[in-house]
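Below: one structure, written as structure tokens.
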Amino acid sequence: MSYRNIQSVEQLKEVYHLPNSINESQIEEKKGDGKADEEVKQTTFLKDKLPVEYADLKEVSNIFKHIIIFTNDRDPKGNKTLKNIYDAIDEFKKAKCEIIPELHVFVAADVDSKEDESEITIKDDKETFTIDEQNNTDTLIFSRLGVQDEYDCEHVVKLLQDRGFLVLNPVQYSAVACDKYETAVLLQKGGIPQPNFTLMNKDILYDEKLFSKAMHEIYADWDDKDKDKNEDKDLVIKILDGHGGTGVFLSNGKKFYAVLQAMFAVTPDLQLIIQKKEEADGGDIRVHVLTLNDRQVILAAMKRVKLGGDFRSNVSLGATAEPVKLTPEQEQIALKTAKLSKMPWCAVDIMPIVKGTNPELGDNAVLEINASPGTDGISDVIKENFVRVLINQLKDPKEFYLQDKIAGYLETLEIDWGNGVKKQYLAKLDTGNGAYASHIEVGEYTEKGKKVTFTIEGKEFTFDIVDHSHARTGDDNNEANRPIIEVPSVRIGLRQANNVRLAIVKQRVKNTNALVNRDLLSDLGYVVSSRQTHILTPEMEKIKIV
């Protein structure tokens, strides 16, 4: 997915429902003191604030029956994240959690799969796992860096996304984060502070006008004629898909042209991102953020202190990490960047800038978004197993950010009533319906106190009434007071939602048995086609209830 197709900040905010970075009505221009513009930049991320929530580092809980990880190495001695997953499972056992997940490890380069309408069989040279009865609420997928560029493995992960499993992280958004230029374009269009940047390739380097334009995007006072005058202009040069600090080096404006000539002579189709080097205030800060449907959680943060003589601060290169307390601005930058990335879990790398060195940029700049961050260093800093902290926060499948999937405006709805009774109904999927609960007709029922009783498939069911839906019905605008119950689960196609509230009615004077409102559609991750029916399910007619 390319964010270059989005043409403006306004369009980006509209598409991804982002808050405005600055509330214009709250900014008063101070004339005459020359500080108005600087104050606007400094307060950008303190206005229209996102709620700040931190994870409970001590909690031990789990809802998943299965955890699947696609990675490069199945040996936990060398794969620290995998080791942390094993250790998290041990913690669930010690805490006597009700559910202890089974772990399935697949090496991305060796993955193959077979699928039909209801089953997906995943295998590599050592393990085979068939997804059949498992549903999208009880299985968690970790998609690590090794998945990128492995076609068969990418295909499997996309199948799982399509089934509605929570994938950390979806392939298309991970691909953007793995491309440093695409990330920079995304941050720019989202109004996120970052160092000035430009794309560089052989064609740009050897086109005088294009090169001049590119370098002026980094330094407004770049000298096109006298290279010596650019000697004090430090530049950071990065390959687009480098990780862990590899493929990153520093040069000054006088020397780097010759360096680029040599690089493009060896690799003519190479693409690079060139950034202005900002004055870092002692290393950078990595913030792990979990983004769910209606809330975000800062899982943990650490400051990475760079090695002497090296401007990079990657822990994988030997830099040290230490605890850090985020400023309000850093919290907002991390949350808004994570929301912009569309990834459920990511690490946002923020560089504190030496105060006053770049008034236009402010006190902080985002360096990158990491779609597959390591978990070992952060675990050492917080003195807790980071993977367990992450899983603790995944408590409610209704909060999971799922890949959108198209459904017909009529589909078959299966309700699990409990006690082994499941029944299928014809349902209308209505995105325009904001009713408090979805509706289902059940025939005659009796309401007594806070209980309601009716019969399904010859069995009598009694449910607690958890609320009432007050709906307007008929031409005379009569109000119907409908009891709301909670059923164990509902399913449309291959996606399931648990603990679903349904308003029951004796009979729907419609051509369907059920009405699915937009809240339940959101929980399932479905987008409704206004022209097609039964895209996800076999066709059926309305069943007779009364």
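The values are calculated or read from the model by the stated rules, or taken from the named source; none is laboratory data. The structure displayed is predicted, hence computed values, not measured ones. Cβ: placed from backbone, ideal geometry, glycine included. Neighbour counts: every protein chain shown.
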>> What pairs come out if I take residues in region 326-346 that are farther than 17 Å from Tyr173 by Cα and pair them with residues that are at pLDDT below 95 and buried (at least 24 other Cβ atoms within 10 Å of the Cβ) whose C-beta lies under 9 Å away, six or more apart or interchain?
In response: Pro328/Phe45; Glu329/Phe45; Gln330/Phe45; Glu331/Phe45; Gln332/Phe45; Ile333/Phe45
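Name every residue in region 236-262 that is among the charged types (D, E, K, R) and more than 25 Å from Asp226 (Cα to Cα), in order of residue number. Spell out how you get there, then give the answer.
Start the filter on region 236-262 by keeping residues that are among the charged types (D, E, K, R), which leaves 238, 241, 254-255.
Listed by number, the list holds a single entry, Asp241.
Can you list the helices (runs of 4 or more DSSP H) lying wholly within region 133-210 that have 1 or more residues being polar (S, T, N, Q)?
Answer list for region 133-210: 151-163, 171-177, 180-189.
Yes or no, residue by residue, for (1) crowded, with 18+ Cβ neighbours inside 10 Å; (2) touching an Asp or Glu at 6+ places or on another chain (Cβ under 9 Å); (3) assigned to a strand (DSSP E or B):
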{"site": "Asp349", "(1), (2), (3)": "yes, yes, yes"}
{"site": "Lys355", "(1), (2), (3)": "no, yes, no"}
{"site": "Ile369", "(1), (2), (3)": "yes, yes, yes"}
{"site": "Leu394", "(1), (2), (3)": "yes, no, no"}
{"site": "Tyr425", "(1), (2), (3)": "yes, yes, yes"}
{"site": "Gly434", "(1), (2), (3)": "no, yes, no"}
{"site": "His439", "(1), (2), (3)": "yes, no, yes"}
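Out of Leu413, Leu390, Leu361, which single residue is outside any strand (DSSP E or B) and either under 30 Å from Phe165 (Cα atoms) or in contact with a Cys (Cβ under 7 Å, 6 or more places away or on another chain) (or both)? Before the answer, list the steps.
On the way: Leu413 fails: outside any strand (DSSP E or B); Leu361 fails: either under 30 Å from Phe165 (Cα atoms) or in contact with a Cys (Cβ under 7 Å, 6 or more places away or on another chain) (or both).
Unique residue meeting the criteria: Leu390.
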>> Can you confirm whether Phe106 is in a strand (DSSP E or B) and of a type in the set (A, V, I, L, M, F, W, C)?
In response: yes
>> I want to confirm something. Restricting to region 277-286 and keeping residues that are touching an Asp or Glu at 6+ places or on another chain (Cβ under 8 Å) and part of a strand (DSSP E or B), which single residue is nearest to Thr327 (Cα to Cα)?
In response: Ile285
> Does region 78-92 include one or more residues that are at pLDDT below 95 and assigned to a loop (DSSP other than H, G, I, E, B)?
Replying inline: yes
> Out of all the residues in region 117-138, which are hydroxyl-bearing (Ser, Thr, Tyr), in contact with a strand residue (DSSP E or B) (Cβ under 6 Å, 6 or more places away or on another chain), closer than 19 Å to Pro101 by Cβ and surrounded by fewer than 22 Cβ atoms within 10 Å (Cβ to Cβ)?
Replying inline: Thr130
>> Given the criterion of a type outside the set (Ser, Thr, Tyr), within 30 Å of Asp162 (Cα to Cα) and assigned by TED's automatic domain parsing to the domain that holds Gln496, identify the matching residue among Lys448, Lys422.
In response: Lys422
>> For the condition at pLDDT 95 or above, hydrophobic (A, V, I, L, M, F, W, C) and surrounded by fewer than 21 Cβ atoms within 10 Å (Cβ to Cβ), what is the one hit in Val157, Val167, Val185?
In response: Val185
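Here are Gln296, Gln261, Gln188: which of them is touching a strand residue (DSSP E or B) at 6+ places or on another chain (Cβ under 9 Å) and either in contact (Cβ under 8 Å) with a residue 24 or more places away in the chain or aliphatic (A, V, I, L, M) (or both)? Reasoning before the result, please.
Details: Gln261 fails: touching a strand residue (DSSP E or B) at 6+ places or on another chain (Cβ under 9 Å); Gln188 fails: either in contact (Cβ under 8 Å) with a residue 24 or more places away in the chain or aliphatic (A, V, I, L, M) (or both).
Of the residues listed, the single one that is touching a strand residue (DSSP E or B) at 6+ places or on another chain (Cβ under 9 Å) and either in contact (Cβ under 8 Å) with a residue 24 or more places away in the chain or aliphatic (A, V, I, L, M) (or both) is Gln296.
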